[in-house]
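Beneath this line is the structure, given in structure tokens, with notes to follow.
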Amino acid sequence: MTGYWLICVTKANFDIDRANGFQHQGFKAGLANKVKKMQPGDKVVYYITKIGKFGAIAEVVSGYYHDDQHPIWPDKREIWPARARSREILSLEDGRMLDVKKILDDLSFVETKDNWGIYFRGSLHSLAEEDYKLIESEMRKLAEPIPSDRSAESRIPSEQEAMKAIMDLPGLTGKSPHDRIGEMLEEIGTRMGYNASTRQPVYPDRKQFHLDVAWLRGKNPEIAIEVQIGGKVVEAKEKLRQARSYNYRKTAIVTEEAQLEKINELFYPDHDLMKFTEAWSIVSVYRMYVSGKEFLRLFAQFEESRYQEKSKLELR
């Protein structure tokens, strides 16, 4: 039967363990009886004290053995002779470790949430399977690689690829590319600090003209957006013309590449509307949306920062 363990280590010792591939588990002689319960196949979660984060998972590959001749860590006061061998399963980079506060409410062994630190005292604790699986699941999410500039994920997709990707995006409810792009633009506008909405009446007191998306500053009109995928371009133009008459500062039309020439021909005679209108590609809207999601995920690491006593600075 698989056992699950939590070990609490300093960041300095964790860095040594990581450099060594998490080959050893070492504890004080007084914990020998507890270490003897470790069996091959058991899982070990590393919790780093002071910074309050889970950094790695290892698997035990041997039974207990005693070694008081070969130090693992540079601590002259203690050689940590109660040992078992292990191998790395998962290790997170410093800037991507799992903050314990994110899952604190769901850890069964943390009974008093206001004083949770007491449950991480001491160097070795047994873990319930449910707690291990929660920690492992959350750590694996953070271990997913960030696409590099040369990766397939970061290259500019074709319009057809972007359209398919939009239909596969999680969290959107629209059944058509038109409706999903509207939802994406509403979310993008909200991220940028606008009061953003879909199906916004151009004139609040008249309901016959609805913009696909509107970005407002409070109640003040800022950017009117029409999503033109199929349908009649002339109707989209009329809605944007009405938006300009209601003092929207800018208008935009999201369109397929094949429609751009037709849109130019239709908009050009209306010089005022042409002057204030931008054409946004489906690809650019898709990239703006997914890039914003990634930015928010990374920025959340900074929001998790807290005041704490430090002996040295570490990169986040």
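Key figures
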{"read-out": "Any hit, the range 181-198, residues being more than 28 Å from the chain's Cα centre (by Cα) and of a type outside the set (G, A, S)", "value": "no"}
{"read-out": "Test result for F54, modelled with pLDDT under 90, under 37 Å from the mean Cα position of the chain (by Cα), of a type in the set (F, W, Y) and surrounded by 13 or more Cβ atoms within 10 Å (Cβ to Cβ)", "value": "no"}
{"read-out": "Residue within the range 28-40 that is β-branched (V, I, T) and surrounded by fewer than 20 Cβ atoms within 10 Å (Cβ to Cβ) present", "value": "no"}
{"read-out": "Qualifying residue in the range 74-89 (condition: touching a residue at least 40 places away in the same chain (Cβ under 8 Å), assigned to a strand (DSSP E or B) and among the polar types (S, T, N, Q))", "value": "yes"}
{"read-out": "Number of positions in the range 192-234 that are modelled with pLDDT of 90 or more and assigned to a helix (DSSP H, G or I)", "value": "1"}
{"read-out": "Lone unmet requirement of (1) under 25 Å from S137 (Cβ atoms); (2) surrounded by fewer than 20 Cβ atoms within 10 Å (Cβ to Cβ); (3) free of Cβ contacts under 8 Å to residues at least 60 places away in the same chain for G63", "value": "(1)"}
{"read-out": "Residue match in the range 210-227 (condition: exposed (fewer than 12 other Cβ atoms within 10 Å of the Cβ), within 31 Å of the chain's Cα centre (by Cα) and closer than 30 Å to F295 by Cα)", "value": "yes"}
{"read-out": "Filtered residues of the range 90-144 (kept if part of a strand (DSSP E or B) and surrounded by fewer than 17 Cβ atoms within 10 Å (Cβ to Cβ))", "value": "S126"}
{"read-out": "Residue list for the range 27-57, restricted to those being basic (K, R) and in a strand (DSSP E or B)", "value": "K43, K53"}
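Rundown of residues vs (1) in contact (Cβ under 8 Å) with a residue 60 or more places away in the chain; (2) closer than 27 Å to R287 by Cβ, yes/no style:
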| residue | (1), (2) |
| --- | --- |
| I188 | yes, yes |
| R191 | yes, yes |
| N195 | no, yes |
| L216 | no, yes |
| P221 | no, yes |
| I229 | no, yes |
| Q242 | no, no |
| M274 | no, yes |
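The values are calculated or read from the model by the stated rules, or taken from the named source; none is laboratory data. What you see is a predicted model; the values in this text were computed from it and never measured. Neighbour counts run over all protein chains shown; Cβ positions are idealised from the backbone, glycine included.
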